[in-house]
Amino acid sequence: MLGALLALASPIALAAARSADAPPRVTVDQGMLEGKLAHVHGTVLREFQGIPYAAPPLGERRWKPPQPAASWQGVRAATRFAPRCMQLPLFGDMVFRSNGMAEDCLYLNVWTPASDARAGLPVFVYFYGGGFVSGDGSENRYDGASLASRGMVTVTVNYRLGVFGFLALPELAAESPVHASGNYGLLDQNAALRWVKGNIARFGGDPRRITIGGESAGSISVSAHMASPLSRGLIAGAIGESGALIAPIAPQSQAEAQTQGAAFMRKAGAATLAALRAMPATALLSASAAPAPDMGPDIDGLFLTEPPAATFARGDQADVPLLLGSNTQEGFYPNLLGRLPPTAANYRAAVTRLFGDQAERALALYPGGDRAQVERSASDLAGDLFIAHSTWRWMNLQRRTADAPVYFYLFARPRPAKRHPLPGEQPDPGAVHSGEIEYALGNLDSNPVYAWTPADHKVSRVMEGYVERFVKTGNPNGPGLPAWAAVGNADGPVPRQRIDVDTGTINDTGAARQAFLQSFIATHPAIALP
């Protein structure tokens, strides 16, 4: 009976049926890729993992700007995440699906709806966090499938980390045609953006509608791309989740970065740059373990020609819609007090050590009269000094010098209890640093550590909806979402979207303390938590 039915079926229909189940193929500049199909939220997606966007940064290419990826013959499988970049195991919340770890790590991943490969969909490129020393585009929390099922192309990018991504040396500057050294990880991101610009139409994306986003170091990267003369013309929008390359997270000067690089070279036991390049990657990684020189973004003269704050203040950054914000518990009071109990006396002593003769001004803005107030204010101050203040300054600069709209949020949903807490372990009282990622990208169920509730899924639907609308239109507002007012450029109350079970617009209450920190940091740039 089945044979008779097949005999009656038309060859065209049978070919269409086989084609619908066949692995998807896309031809990019380097050759043909074969991905895989996935079904997510009732949508068929095409997924491509481990796509090389640059040549392996090995041998003489170590500590050089990324070079174009080589072409290949035949069909290249793109069904498995590539190796993550070299990194130490520093953060317990990172769950990788990568194919091990290697210095050959410059790959990206694409999720796109399967319905129409020529759809001209908006594109969202996401950079992971991890302090520029850890992270990977394969992490479950960054999975692009949920957003892609909403009608966009999503991309995650691997970039060099730590000493591999940010070493600066006079010898490296001497090799460079523009005398630049450092920022190789940011140059990797730029190379990935250029690859996306040139190839994403073949995945159904619109190269004129690329929004970049990221959290923590990823957010800091987004702010840097908005300022960089190499990147700012490549993007149509930006999303920053906690962090900007603005004081107190300002880039080092190249001279400072080269001093740190020379210290690392001595620690690694290499007398010359050639000897350093000849060292195994594992040896370099071991040498970068604490205590180690501080390496991160610098004003290299290529990717960055000045501090981003100066670019933003002058209005020369990318004039694109910006959605950004931070969380209610970016820091916690032990970050300020250490193991000391949160008493008023201990808190006053800690604030005095930080602010000296301006301690009374700080205490007026971050009061600590009793234990509850100390816990709250010390957490606020620790979070501001860690990353919230740089985010606020980014918002304030962009709204004053750009014509495009700015949308500012405060993520306030604490994670629920863990499924298997340790004895005595309690949920955090606020929304911790990085705690919004799974909500924003629609990936709560990818994290089995927490006992997610219907309320958490409600918050995720709202926040992911905001991301979807912003990537598609440059405006987070849309049907079924609580109204979100853009920030104006005039003085006065700053509207801020408080994202929680009851999401809505409030007036930002932190302007006075942020103004104080900005003034203090201008004369005390080395301020840092103990």
Lone qualifier among G162, G198, G182 - being crowded, with 20+ Cβ neighbours inside 10 Å and either over 20 Å from the mean Cα position of the chain (by Cα) or over 30 Å from E47 (Cα atoms) (or both)
G182
Go through segment 111-130 and report how many residues are part of a strand (DSSP E or B) and either over 18 Å from the mean Cα position of the chain (by Cα) or of a type in the set (K, R) (or both).
4
Matching option when the condition is assigned to a helix (DSSP H, G or I) and either over 17 Å from V40 (Cβ atoms) or polar (S, T, N, Q) (or both), among L172, L108
L172
Residue tally, condition surrounded by fewer than 16 Cβ atoms within 10 Å (Cβ to Cβ), part of a strand (DSSP E or B) and either touching a residue at least 12 places away in the same chain (Cβ under 8 Å) or touching a Gly at 6+ places or on another chain (Cβ under 9 Å) (or both), over segment 32-50:
5
Starting from residues that are in a loop (DSSP other than H, G, I, E, B) and polar (S, T, N, Q), keep the ones in segment 294-319 and report whichever is nearest to A227 (Cα to Cα).
Q317
Only one residue in R376, R361, R353 is crowded, with 17+ Cβ neighbours inside 10 Å and part of a helix (DSSP H, G or I). Which one?
R376
Scan segment 277-305 for residues that are under 22 Å from E256 (Cβ atoms) and free of Cβ contacts under 8 Å to residues at least 12 places away in the same chain and report the count.
2
Just one of (1) surrounded by fewer than 24 Cβ atoms within 10 Å (Cβ to Cβ); (2) in contact with a Ser or Thr (Cβ under 6 Å, 6 or more places away or on another chain) trips up A262, so point out which.
(2)
Residue set V40, V110, V44; condition in the same structural domain as D206 (by TED's automatic domain parsing), modelled with pLDDT of 95 or more and under 24 Å from L187 (Cα atoms); output residue V110
Regarding G301, is this residue crowded, with 16+ Cβ neighbours inside 10 Å and more than 22 Å from H389 (Cα to Cα)?
yes
Determine whether E103 is farther than 23 Å from V153 by Cβ and either at pLDDT 95 or above or assigned by TED's automatic domain parsing to the domain that holds R160 (or both).
yes
Quick check: is even one residue across segment 417-425 under 21 Å from G240 (Cβ atoms), surrounded by fewer than 24 Cβ atoms within 10 Å (Cβ to Cβ) and touching a Pro at 6+ places or on another chain (Cβ under 7 Å)?
no
State all residues of segment 341-364 that are among the hydrophobic types (A, V, I, L, M, F, W, C) and within 33 Å of the chain's Cα centre (by Cα); if no residue qualifies, say none.
A350, V351, L354, F355, A362, L363
Condition check: assigned by TED's automatic domain parsing to the domain that holds A417 and crowded, with 21+ Cβ neighbours inside 10 Å. Does I499 satisfy that?
yes
Among the residues of segment 450-485, write down those that are touching a residue at least 60 places away in the same chain (Cβ under 8 Å), on the phi < 0 side of the Ramachandran plot and either in a strand (DSSP E or B) or under 22 Å from the mean Cα position of the chain (by Cα) (or both).
E464, Y466, V467, E468, F470, V471, K472, N475, P476
Looking for something buried (at least 24 other Cβ atoms within 10 Å of the Cβ) and under 21 Å from F303 (Cα atoms) - is there at least one such residue anywhere in segment 147-157?
yes
Of the criteria (1) surrounded by 24 or more Cβ atoms within 10 Å (Cβ to Cβ); (2) of a type in the set (S, T, N, Q); (3) more than 18 Å from the chain's Cα centre (by Cα), which one S138 fails
(3)
Given the criterion among the small types (G, A, S), under 30 Å from the mean Cα position of the chain (by Cα) and more than 30 Å from T401 (Cα to Cα), identify the matching residue among S390, S326, S377.
S377
Is segment 263-274 home to any residue that is assigned by TED's automatic domain parsing to the domain that holds L88, under 30 Å from S390 (Cα atoms) and assigned to a helix (DSSP H, G or I)?
yes
Would you please list the contacts, defined by Cβ atoms under 7 Å and residues six or more apart or on different chains, that run from a residue in segment 197-211 that is in a strand (DSSP E or B) to a residue that is among the basic types (K, R)?
P207/K197; I210/K197
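Table: residues versus (1) touching a residue at least 60 places away in the same chain (Cβ under 8 Å); (2) among the aliphatic types (A, V, I, L, M); (3) touching a Gly at 6+ places or on another chain (Cβ under 8 Å).
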residue: T112; (1), (2), (3): yes, no, yes
residue: F132; (1), (2), (3): yes, no, yes
residue: G137; (1), (2), (3): no, no, no
residue: Y142; (1), (2), (3): yes, no, no
residue: L161; (1), (2), (3): yes, yes, yes
If you go through segment 87-116 one residue at a time, how many are surrounded by fewer than 24 Cβ atoms within 10 Å (Cβ to Cβ) and β-branched (V, I, T)?
1
Going through segment 423-449 one residue at a time, which ones are over 22 Å from I387 (Cβ atoms), of a type in the set (D, E) and either in the same structural domain as G151 (by TED's automatic domain parsing) or assigned to a helix (DSSP H, G or I) (or both)?
D445
Does L285 count as assigned to a helix (DSSP H, G or I) and either at negative phi or buried (at least 21 other Cβ atoms within 10 Å of the Cβ) (or both)?
yes
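The values are calculated or read from the model by the stated rules, or taken from the named source; none is laboratory data. As the structure is a prediction and not an experimental result, all values here were calculated from the model. Quick reminder, even Gly has a Cβ in these numbers, built from the backbone with ideal geometry, and neighbours come from all protein chains shown.
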